[in-house]
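Below: the structure, in structure tokens.
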Amino acid sequence: MSETRMLSGVPETMLQTVYARAKETQTRGAIRDEMAVQLVKHLDYDFSLADKDAAMHNGVIARTIVLDRLVGNFLETNPGAVVVNIACGLDTRCYRMGGYAHWYNLDLPETIAVREKLLPEHGDISQMAMSAMDNWGGQIKESDASVLVIIEGLTMYLNEAGVKRMFSVIGERFRQAAVFVETMNPAVAKRFKEKSIEGSHAKFTWGVRDGKALAALLPGFHYIEEHSLTEGMAEFVPVYKALGKLLFVRNISNRIIVLKKG
């Protein structure tokens, strides 16, 4: 698909992540994402770096496992919820989940241009071609439903001001909302490199120590819990059932932080 040649930097990373989910589906099978398999067939892109990047691959699969479980539990508890998926890329979770009233996929215009070619959505799934820092709240039609905001694979490419701005947009639009946000340890963001991500000319730039430290930066948002991606790793690398109990290992792993507003 020729549109992928126009992508660079952070938007290009969505190609590596969809490839990781497709490859996992066709090999080890820790997740099943048949739509990712079909998407990759339509992408004109050199995935050679992604093929060699085991760290990126395992991280994507681990966070998919953790987030699928969390989102599934939320929708089971809050049927008819509205979901806003920020920095959606070519994520296919909206097709794997049920029970929501409306699912909004939001990403930069160049990303949504690619997504609309591959995944033309309608009905209870909508696209929003905007930055996470833009005032996108006016495009959300619903007013009284439970709200879940998912922020996957984004904060580590921002800075603190960008993270604060993104959450201020959420806070201004919703009186109450749950947020599942992936974060990286600041020491890891500073020192760690993934071959396929570097090949996309994207760089990790920001991290936060833990969920309580993140909540302290965000007026109106309260810390609920957090999940280390070691929980997902343990599903397909059994040694992480033991390693995940070590504080050091949990601390250097990415985590999904659960925050609430209101």
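The values are calculated or read from the model by the stated rules, or taken from the named source; none is laboratory data. The structure displayed is predicted, hence computed values, not measured ones. Because the Cβ atoms are built from the backbone with ideal geometry, glycine has one as well, and the counts that use them run over all protein chains shown. Note: areas computed on protein heavy atoms with side chains; ligands, DNA, RNA excluded. Shrake-Rupley method; radii C 1.70, N 1.55, O 1.52, S 1.80 Å.
Identify all residues within segment 129-159 that are open to solvent by less than 10 Å² (accessible area, probe 1.4 Å) and among the polar types (S, T, N, Q); write none if there are none.
Residue satisfying the conditions is 155 alone.
Can you tell me which residue is nearest to the chain's Cα centre (by Cα) among those in segment 165-192 that are under 16 Å from residue 208 (Cβ atoms) and aromatic (Phe, Trp, Tyr)?
Checked segment 165-192; the qualifying residue nearest to the chain's Cα centre (by Cα) is 180.
Restricting to segment 133-161, name every residue that is closer than 16 Å to residue 90 by Cα and touching a Leu at 6+ places or on another chain (Cβ under 8 Å).
150, 152
Could you go through segment 37-60 and let me know if any residue there is within 12 Å of the chain's Cα centre (by Cα), buried (at least 18 other Cβ atoms within 10 Å of the Cβ) and at pLDDT 90 or above.
Taking every residue of segment 37-60 in turn, at least one turns out to be within 12 Å of the chain's Cα centre (by Cα), buried (at least 18 other Cβ atoms within 10 Å of the Cβ) and at pLDDT 90 or above.
How many residues does segment 92-107 contain that are closer than 16 Å to residue 151 by Cβ and open to solvent by 10 Å² or more (accessible area, probe 1.4 Å)?
Of the residues in that region, 1 qualify.
Do the conditions hold for residue 110, that is, is it more than 23 Å from residue 68 (Cα to Cα), charged (D, E, K, R), out of contact with any Ser or Thr (no Cβ under 7 Å at 6 or more places or on another chain) and open to solvent by 60 Å² or more (accessible area, probe 1.4 Å)?
yes
Restricting to segment 205-258, what's the tally of residues that are in contact (Cβ under 8 Å) with a residue 60 or more places away in the chain, over 22 Å from residue 28 (Cα atoms), in contact with a helix residue (DSSP H, G or I) (Cβ under 6 Å, 6 or more places away or on another chain) and surrounded by 20 or more Cβ atoms within 10 Å (Cβ to Cβ)?
3
Kindly list the number of the only condition in (1) surrounded by fewer than 23 Cβ atoms within 10 Å (Cβ to Cβ); (2) in contact with an Asp or Glu (Cβ under 8 Å, 6 or more places away or on another chain); (3) at positive phi that fails for residue 89.
(1)
Would you point out which residue out of 17, 25 is crowded, with 17+ Cβ neighbours inside 10 Å and either at pLDDT below 90 or within 25 Å of residue 185 (Cα to Cα) (or both)?
Matching residue, one of 17, 25: 17.
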